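Reading through the structure tokens given below for one structure.
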């Protein structure tokens, strides 16, 4: 059974550890033990249940994407956490390739609200959807790393009033999305990524004031 580190219930199982851990090591079920694992293991974060996607990882062919993912993860989410020189934060989203079945990773702008995250398929304003859009449509299970914390997520594409609210949040977090929409000449899809305990509990959009 895959390992997990659950601080809230002080439970730790390690019948199988990913690369970087030591299977069979006796670990006391404590906050300190989980935190220690987090420093050595890109799949574990304090206070977060981590059930990583399994499979062969295929790094992006785009150099800056590949290098930022590597820096972000290897530093435990303390470096490479912003988009270039903008100072605006990004998260790393891990998903399964729709065609290859291999693990794919991409940095996306951090758009968070009450534990949920938006993934905006802007593709920098290009006229076609990014490849990762089709990955999440084919398999909505994903991992999301926000700084040192990583957790399993379920992605769902949003529409209507819910999408409008998330679009406002996205533009507030990263204003160039407005320009991308004008350039793209297409509908830009928006996903909401939800942790397991929030999945399926979509909140009704707040009423619009006239």
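When only alpha carbons of region 63-195 are considered, Rg and Dmax amount to 13.9, 38 Å. Computed on region 63-195, with alpha-carbon pairs under 8 angstrom and 6+ residues apart, the relative contact order is 28 percent.
Every number here is computed from the coordinates shown, using simple stated rules; none is lab data. Fair warning: this is a prediction, and the values are worked out from it, not measured in the lab.
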